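Student: Take this structure, written in structure tokens, and hold onto it; I'll ask about it next.
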Amino acid sequence: MTTIPSRLARTVRISANVGEAKARARSLYRDWYRCAPEMVTIHSLTIPPSLIRSRIRAEYERYRYVEDPKVLDILVQKSRQDFQEVMNAWGQESHILGLILKDKTKEPKTFLQKFYEGRDEDAVQIASPPTSYP
């Protein structure tokens with residue numbers, strides 16, 4: 001299949017409400033779900049499409065309860081960008097497997113585990129104070 005960069009390109013849209021943003025997320029989910037077999041074929045992956053579909057489902061379930069339309073728009077835009085890169089074969093196999101197979105859940109660590117590693121991410125102070133934009 002030839003690469004047509006504009007084939008999957010979409011303009012950035014701002015949702016008026018949560019329902020509209022969630023409808024866009026569902027539409028993108030369906031695009032990912034339908035293209036799982038094509039991803040396996042394009043990139044010659046050694047994993048079945050069912051595994052890709054289950055990982056996609058898990059990623060969407062992770063953000064299921066997000067209710068802010070602005071946050072949903074950003075998540076949809078980032079996912080749309082990843083989808084375009086995957087389907088246009090712009091990434092290596094390792095990039096695709098990293099997107100799909102990487103477990104994004106972070107295990108909570110105890111104080112001693114952080115101490116033994118020599119860092120405490122919860123105690124990191126941001127260098128610049130947060131500012132509010134109009």
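Student: Taking 7 Å along the Cα-to-C-beta vector as the label spot, tell me the residue 78-residue 29 distance in nanometres, rounded to one decimal.
Tutor: Going by the 7 Å Cα→Cβ label model, 1.8 nm.
Student: Going highest first, how would you order 42-49, 85-92 by mean Cβ packing within 10 Å?
Tutor: Averaged packing, sorted descending, gives the order 85-92, 42-49.
Student: Counting Lys and Arg as +1 and Asp and Glu as -1, what is the net charge of the other residues whose Cβ lies under 13 Å from the Cβ of residue 73?
Tutor: Numbers: positive: 10, 13, 22, 24, 70, 78, 80; negative: 20, 67, 68.
Taking every other residue near residue 73 into account, the sum is +4.
Student: Based on the Cβ-Cβ distance of residue 38 and residue 109, what FRET efficiency does E = 1/(1 + (r/R0)^6) give at R0 = 25 Å, to the nearest 0.05? Display every interim value, and only then the final one.
Tutor: Details: r = 39 Å, r/R0 = 1.56.
The pair residue 38/residue 109 has a calculated efficiency of 0.05.
Student: Here's a follow-up. What's the FRET efficiency of residue 68 with residue 46 using the Cβ-Cβ distance as r and R₀ = 41 Å, to the nearest 0.05? Don't skip to the end; give the middle numbers.
Tutor: Values: r = 38 Å, r/R0 = 0.93.
Result of the calculation: an efficiency of 0.60.
Student: Can you tell me the order of 72-84, 15-27 when each peptide is scored by its average per-residue count of other Cβ atoms within 10 angstrom, highest first?
Tutor: Top to bottom by mean Cβ count within 10 Å: 72-84, 15-27.
Student: In Å², and per residue, what accessible area does segment 37-92 have when probed at 1.4 Å with the other protein chains present?
Tutor: That works out to 61 Å² per residue.
Student: Determine, from the Cβ-Cβ distance of residue 94 and residue 53 and an R0 of 25 Å, the FRET efficiency 1/(1 + (r/R0)^6), rounded to the nearest 0.05.
Tutor: 0.80
The values are calculated or read from the model by the stated rules, or taken from the named source; none is laboratory data. Bear in mind that the values here come from a model prediction, so they are computed numbers and not experimental data. FYI the Cβ positions are ideal-geometry reconstructions off the backbone, even for glycines, and counts take in every protein chain you see. For accessibility, only protein heavy atoms count, side chains too; no ligands or nucleic acids. Shrake-Rupley method; radii C 1.70, N 1.55, O 1.52, S 1.80 Å.
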